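The values are calculated or read from the model by the stated rules, or taken from the named source; none is laboratory data. Computed from a prediction, not measured in an experiment: that's the story for all the values here. Please note: Cβ atoms are built from the backbone with ideal geometry, for glycine as well, and neighbour counts cover all protein chains shown.
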Amino acid sequence: MWMYYRLSLMVLCSFLFLNLIACQTPPPPQWRWQRAEAGLPRQATIVTLASDPTHPNLLWLGYYGPGGLAMSQDGGRTWRVSAAGSDDNPIFDLLFIPSPGETEDVLWAASRAGLLRSVDAGLNWQPVAQGLPSATAFALAVDASGRLYVGLDDGGIYAQLPDGGWISLTPEEPLASAAILSLAVSADGRQLYAGTSGRGVFASRDAGRSWTATYPESYVPNLALNPTHPLEAVASLRDRLVRTGDGGQSWHTLPLPWARDEIASLLWLADGTLGAGTGRGRLYRSLDGGDSWLEGGAGLPAAGVLDLALTGSGRLLAATWTGAYASDNGGETWAYLTPSLGVPNAQTLLTTNDGLLLGTRTGLFGWQPDTRRWRPVPADFPTGGVTSLAMAPSDPQILYAGSSGDGLYRSDDGGAGWRRAPSLGVGIPELAVNPVDADNVHILAAWERTYESRDGGQSWQARWEGLGTTTESVSLAVDPVDPFTLYLGSETGLYRTRNNEVWRRVGLALADQTVLTLLAQPIPDGGSVLYIGATRGVYRSLDGGDTIQPGPGESGWGRGLEAKSVTALLADPEQAGRLYAGTAYAGVYQSLDWGQTWQPIGPAELTNDVVEAMAWGAQGELFVATLNGVWVGEQP
């Protein structure tokens, strides 16, 4: 009974202390913000590539990100961003058709907004609406006469008429309402192949008047026909490659030298070489139509090769998840073309005794205060980079880094050198270290499960009993006062475990929210406070999550973050009651009163971005990491 009263008294004292402090704090000062991205390579997910066959240095690419389309006039050394696409209107396919006479050259783009047309090399665009359904355009093809073919989402295939109008080649079901993901057309326009989303492969040998269907219910994202023998074609069914030699009447599966790797792109060259790019960044070549394969691709990232293209000079281009690459020797070696295109893809930050570390999709970087640049940390992290960082409180020289898909890395010298833990090769979006035992590490694996290691990552034990089979884990924290108490945020609220017991749901008021971030902090009376960032604001618990102080708009706590998704939380190391909250699309907020009230402090540009992480620099600067950039803020 005495312990019950003592615990209740501690909670009451903590509550009174936090709220007493809240009444004594002034409003926050204004902040000055600057971008801090010097030295960081950029990345863009390139979806498609095209070139002018008569001017091989004139290139275009479509990518996910602001602008959506870029043009190069010098073979990829420099790029100019156009405004054809955007985050809301990605470009899925590009096709340049040079004019044989006095008419204008045309660059075509298949986009979410439909078919787009440019007659000035991509500087300006006009939507093509008359004669076409209002639908997303996925695939483009052209025959030797310059006739354009377009594959639509839920609209089938249309071909351009000589007067500029359009005619449907698929007026009947099942192709009339099919989503056409890939197209291939012979030079004379008689042989057509179409890959669909879930309805299989279709082929026509009479210019689209009749069709043959095979592999029903199959997803067919890629097709290629033999340019010298158009009755021969290959189709990717994701995990299989099938070939026809009779114009699509029959197909058979080809032997592949790679296992559990999807085919993401295909290209059949006029010299008979068949190229296949995979989801893991491998490139294979076949000189016999796919019966045998040679592996190439030195210099390509271990990320999906989403498109392959050939320039008029014979240069091979590859579009990948991380940028565009070029090969001048048939795919044996590759050079990176787009180091200045895209965004830094910053994912995590960590303040260490030796400085500040930043994890991005390209690796790990250390901040250099004197030059205000990031310098790469020499470590063999996998493609996809570093997704999480943590320092052992009991030994600041011991650091941990979670990768995007290759498990855990550890440093015993403050980040100078790193080694991979020998097991558990999975993505680690979150990790936490026991405050009194540097070898006791907890991780979230692939956003679903929790594991624990008691020997610095050498071995692992599953720790998800009580979470259920469908709970998606999102955030993780260790109590700073009781190191055997862990908190887990999920898409269905907050969970807690003590002394390796089963996880149980706490904070039932959060059951209908996703808990995006957690911050557990000690407080002056010896207890701890748990701050919870969720989809509708920030919350607080003084008893390990058993009860949740009402969030924004209720009982006067958390004012200023009403209905905002809080994605990152950070405490000031010098003033315990000063807190910072990073949000989705609302920038950064500061509280000077233990979270009682919150005020925005910028930067204004973050209203279109999600804060992934925050950390302190050596001179008290506040660093903010987002996928689209890195910012540093200073108080005047």
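If the condition is being over 32 Å from the mean Cα position of the chain (by Cα) and β-branched (Val, Ile, Thr), then the range 163-182 contributes Ile167, Thr170. Exactly one residue out of Ala568, Ala563, Ala534, Ala520 is surrounded by fewer than 19 Cβ atoms within 10 Å (Cβ to Cβ) and touching a residue at least 24 places away in the same chain (Cβ under 8 Å), and it is Ala563. Would it be correct to say that Glu104 is in the same structural domain as Arg238 (by TED's automatic domain parsing) and either surrounded by 14 or more Cβ atoms within 10 Å (Cβ to Cβ) or more than 29 Å from the chain's Cα centre (by Cα) (or both)? No; evaluated as a whole, the condition is false for this residue. Taking the range 185-205, which residues are part of a loop (DSSP other than H, G, I, E, B), among the hydrophobic types (A, V, I, L, M, F, W, C) and surrounded by 19 or more Cβ atoms within 10 Å (Cβ to Cβ)? Listed by number, the list is empty, since nothing qualifies. Taking the range 288-377 and the strands (runs of 3 or more DSSP E) fully enclosed by it, the elements with 1 or more residues that are surrounded by 21 or more Cβ atoms within 10 Å (Cβ to Cβ) and in contact (Cβ under 8 Å) with a residue 60 or more places away in the chain are at 305-310, 316-320, 323-327, 346-352, 355-360, 363-368, 373-376. Scan the range 149-162 and tell me whether some residue there is among the charged types (D, E, K, R), within 32 Å of the chain's Cα centre (by Cα), outside any strand (DSSP E or B) and farther than 16 Å from Leu223 by Cβ. Yes, the range 149-162 contains a residue that is among the charged types (D, E, K, R), within 32 Å of the chain's Cα centre (by Cα), outside any strand (DSSP E or B) and farther than 16 Å from Leu223 by Cβ. Here Thr273 meets each of (1) outside the structural domain of Ala259 (by TED's automatic domain parsing); (2) modelled with pLDDT of 90 or more with one exception, condition (1).
Against the condition among the hydroxyl-bearing types (Ser, Thr, Tyr) and at pLDDT 95 or above, how does Thr387 come out, does it pass? So Thr387 fails the test.
Here is the figure for the range 415-436: residues that are surrounded by 16 or more Cβ atoms within 10 Å (Cβ to Cβ) and among the charged types (D, E, K, R) total 2.
The set of residues in the range 123-148 being in a strand (DSSP E or B) and either in contact with a Phe, Trp or Tyr (Cβ under 6 Å, 6 or more places away or on another chain) or of a type outside the set (S, T, N, Q) (or both) consists of Pro127, Val128, Ala137, Phe138, Ala139, Leu140, Ala141, Val142, Leu148. Just checking, does the range 94-109 include any residue being assigned to a strand (DSSP E or B) and farther than 28 Å from Ala270 by Cβ? Looking through the range 94-109, none of the residues is assigned to a strand (DSSP E or B) and farther than 28 Å from Ala270 by Cβ. The set of residues in the range 378-400 being among the hydroxyl-bearing types (Ser, Thr, Tyr) and part of a loop (DSSP other than H, G, I, E, B) consists of Thr383, Ser394.
The residues on offer are Ser250, Ser265, and the sole one that is outside any loop (DSSP other than H, G, I, E, B), farther than 19 Å from Gly156 by Cβ, in the same structural domain as Asp143 (by TED's automatic domain parsing) and not hydrophobic (A, V, I, L, M, F, W, C) is Ser265.
Taken over the range 58-71, the criterion of being part of a strand (DSSP E or B) and free of Cβ contacts under 8 Å to residues at least 40 places away in the same chain is satisfied by Tyr64 alone.
From the list Val220, Val242, Val185, pick out the single residue that is touching a His at 6+ places or on another chain (Cβ under 7 Å) and at pLDDT 95 or above. The match here is Val242. Only one entry in Asp154, Asp120 is under 22 Å from Val81 (Cα atoms) and of a type in the set (D, E, K, R), namely Asp120. Looking only at the range 159-181, which residues are under 17 Å from Trp108 (Cβ atoms) and crowded, with 24+ Cβ neighbours inside 10 Å? Selection gives Ile180 alone.
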